[in-house]
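Enquirer: A single structure is presented below for examination.
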């Protein structure tokens, strides 16, 4: 073999490009390989610093970490006119007392050194700045950071926001677990940022009212409420808004006014109270809506109707939906994900382009025989719509017994005309329940393919049981007449197992070979069973 170091012979800018895909600890380790690599390391501009590589269970290495960051920045300041990007992550694990093993605030000398690091990058005209502190107390930003004219992307977490902030070039602002001393700070900040395009406020403390107006380029707004400081009202008067996402905290009530956002295409409403007025407001005021996510508690709705002509993706998670009638009128709907515990007696889905369906069977869907009618409904519709590519079933402990009840009750067991099935199981004691679940599942559908992901104990056990049944099936000489063989096994003509290989394509193996190599199966591996009926 040729043992020559060909990478070291590349131009320096290409080596820098390769190193940019590695983490900072990996780059440091490469620097000790040889003198050429060390020289490359000294000229490589490190922009991402994380304290996780310096944390220790029995010592405080905070000053060592900050010294490394400071010296790296000093070297870059000598070599480069500007430092375009800087990321700093500091966790509380960095500062542990070796005697008591409890978290404590950053030591004063460490705090001062971090401030000097941030001052350095601001003086070098940093354009993208990401600072994350997971420490017991909020980090107070240095004075030099309050005015950075070149700053375009700013992401702060675990910091204290105060003073007069001037970031006139800002386009993206993300604040996560930030303490905001005064609501006017956000108002003044946004007023001074006319070019802002994306805004995210995640679990920030100190905001009870959010008003956005006059921001002509604002496209995306994401808000997640804080448990101790819930937002009472959100008012956005921006015509250009494209995406709005709001997640409440423990179903806190928040008034949302987006009446001026006529071109809104994505609306996500999570962990909130869903009222009839909200649904009607969406139907009437957002004709351009393409993606709708409603996840929350349904409050007093007798007739649930979503009628949006351009809607393409709908995710509905409403466990307590008790409406007598549910209507989804969306002719362009391509993806429908439905998580409900009680299926309405009358359920209509008016569409012509549906490609992907996700159903969650979690609790008893047979109240008033709704379970059978619901499955019958989807059988009729799935048979009519040939372009459906995938149906996902999420099966829990309760739903596995429900499937068994349905199989025993209905006269025609094969209910779902599913071509491609994706299965996620969350069942305790799968070894005991899995044998019956495999038989019951294939009694209600005959999929051409079944897709699972390894790594989940329940999914792995299901695949083992299924493989063993498939291996035992071929051992029966006359399995078509054997009373111990289930109906789906008699109908099955052939099967192969495919997994996504390292070469980037699906590789096929036999059931026995798959069982033999099961112990070496990596987690998060996609496994596909291809059936011939």
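Enquirer: For the range 283-292, does any single residue satisfy the condition of being outside any helix (DSSP H, G or I), under 17 Å from residue 325 (Cα atoms) and touching a strand residue (DSSP E or B) at 6+ places or on another chain (Cβ under 6 Å)?
Expert: Quick first cut of the range 283-292, residues outside any helix (DSSP H, G or I) only: 286-292.
With the extra rule that they be under 17 Å from residue 325 (Cα atoms), the set shrinks to none.
Checking the range 283-292: not a single residue is outside any helix (DSSP H, G or I), under 17 Å from residue 325 (Cα atoms) and touching a strand residue (DSSP E or B) at 6+ places or on another chain (Cβ under 6 Å).
Enquirer: Another question, if that's okay. Could you count how many residues in the range 261-294 are under 19 Å from residue 250 (Cα atoms) and surrounded by fewer than 19 Cβ atoms within 10 Å (Cβ to Cβ)?
Expert: 7
Enquirer: Can you tell me how many residues within the range 312-332 are assigned to a loop (DSSP other than H, G, I, E, B), without any contact (Cβ under 8 Å) to a residue 24 or more places away in the chain and in contact with a strand residue (DSSP E or B) (Cβ under 6 Å, 6 or more places away or on another chain)?
Expert: The qualifying residues number 2.
Enquirer: Filter the range 447-478 for residues that are modelled with pLDDT of 85 or more, part of a loop (DSSP other than H, G, I, E, B) and under 16 Å from residue 532 (Cα atoms) and give the result.
Expert: Answer for the range 447-478, where residues must be modelled with pLDDT of 85 or more, part of a loop (DSSP other than H, G, I, E, B) and under 16 Å from residue 532 (Cα atoms): 447, 448.
Enquirer: So is residue 190 modelled with pLDDT of 95 or more and either closer than 23 Å to residue 85 by Cβ or surrounded by 18 or more Cβ atoms within 10 Å (Cβ to Cβ) (or both) or not? Show your work before the answer.
Expert: Working: modelled with pLDDT of 95 or more: no; either closer than 23 Å to residue 85 by Cβ or surrounded by 18 or more Cβ atoms within 10 Å (Cβ to Cβ) (or both): yes.
In short, no.
Enquirer: If you don't mind, another one. Pull out all pairs, ordered by first then second residue, where Cβ-Cβ is under 6 Å, the residues are six or more apart or on different chains, the first lies in the range 420-440 and is within 14 Å of residue 460 (Cβ to Cβ), and the second is modelled with pLDDT of 80 or more and in a strand (DSSP E or B).
Expert: Matching pairs, first to second residue: 423/452.
Enquirer: Taking the condition of being outside any strand (DSSP E or B) and surrounded by fewer than 18 Cβ atoms within 10 Å (Cβ to Cβ), how many residues in the range 425-438 meet it?
Expert: From the range 425-438, those outside any strand (DSSP E or B) are 427-438; that's our starting set.
Keeping just the survivors that are surrounded by fewer than 18 Cβ atoms within 10 Å (Cβ to Cβ) gives 428-429, 431-432, 435-436.
Within the range 425-438, residues that are outside any strand (DSSP E or B) and surrounded by fewer than 18 Cβ atoms within 10 Å (Cβ to Cβ) number 6.
Enquirer: State which residue pairs qualify: first residue more than 17 Å from residue 315 (Cβ to Cβ) and inside the range 280-294, second residue surrounded by 16 or more Cβ atoms within 10 Å (Cβ to Cβ) and modelled with pLDDT of 95 or more in any location, beta carbons under 9 Å apart, and separation of 6 or more residues or different chains.
Expert: Close Cβ pairs satisfying both conditions: 285/264; 288/264; 288/265.
Enquirer: What is the one condition in (1) more than 24 Å from residue 337 (Cβ to Cβ); (2) surrounded by fewer than 19 Cβ atoms within 10 Å (Cβ to Cβ) that residue 236 does not satisfy?
Expert: (2)
Enquirer: Answer yes or no: is there a residue in the range 72-81 that is modelled with pLDDT under 90 and part of a strand (DSSP E or B).
Expert: No.
Enquirer: Taking residue 244, is it loosely packed, with under 14 Cβ neighbours inside 10 Å and free of Cβ contacts under 8 Å to residues at least 40 places away in the same chain?
Expert: On the way: loosely packed, with under 14 Cβ neighbours inside 10 Å: no; free of Cβ contacts under 8 Å to residues at least 40 places away in the same chain: yes.
In short, no.
Enquirer: Within the range 500-533, which residues are in contact with a helix residue (DSSP H, G or I) (Cβ under 8 Å, 6 or more places away or on another chain) and surrounded by 15 or more Cβ atoms within 10 Å (Cβ to Cβ)? Don't jump to the end; show me each part of the working.
Expert: Of the residues in the range 500-533, the ones in contact with a helix residue (DSSP H, G or I) (Cβ under 8 Å, 6 or more places away or on another chain) are 511-512, 514-515, 518, 521, 527, 529, 533.
Of everything in the range 500-533, those that are in contact with a helix residue (DSSP H, G or I) (Cβ under 8 Å, 6 or more places away or on another chain) and surrounded by 15 or more Cβ atoms within 10 Å (Cβ to Cβ) turn out to be 511, 514, 515, 527, 529.
Enquirer: I'm trying to understand the selection: among the residues of the range 248-273, which are under 17 Å from residue 211 (Cα atoms) and not in a loop (DSSP other than H, G, I, E, B)?
Expert: 255, 256, 257
Enquirer: Looking at the structure I just gave you, is residue 143 modelled with pLDDT of 80 or more, farther than 30 Å from residue 210 by Cα and surrounded by fewer than 15 Cβ atoms within 10 Å (Cβ to Cβ)?
Expert: Values: modelled with pLDDT of 80 or more: yes; farther than 30 Å from residue 210 by Cα: no; surrounded by fewer than 15 Cβ atoms within 10 Å (Cβ to Cβ): yes.
No.
The values are calculated or read from the model by the stated rules, or taken from the named source; none is laboratory data. Model, not experiment: these values are computed from the prediction. Because the Cβ atoms are built from the backbone with ideal geometry, glycine has one as well, and the counts that use them run over all protein chains shown.
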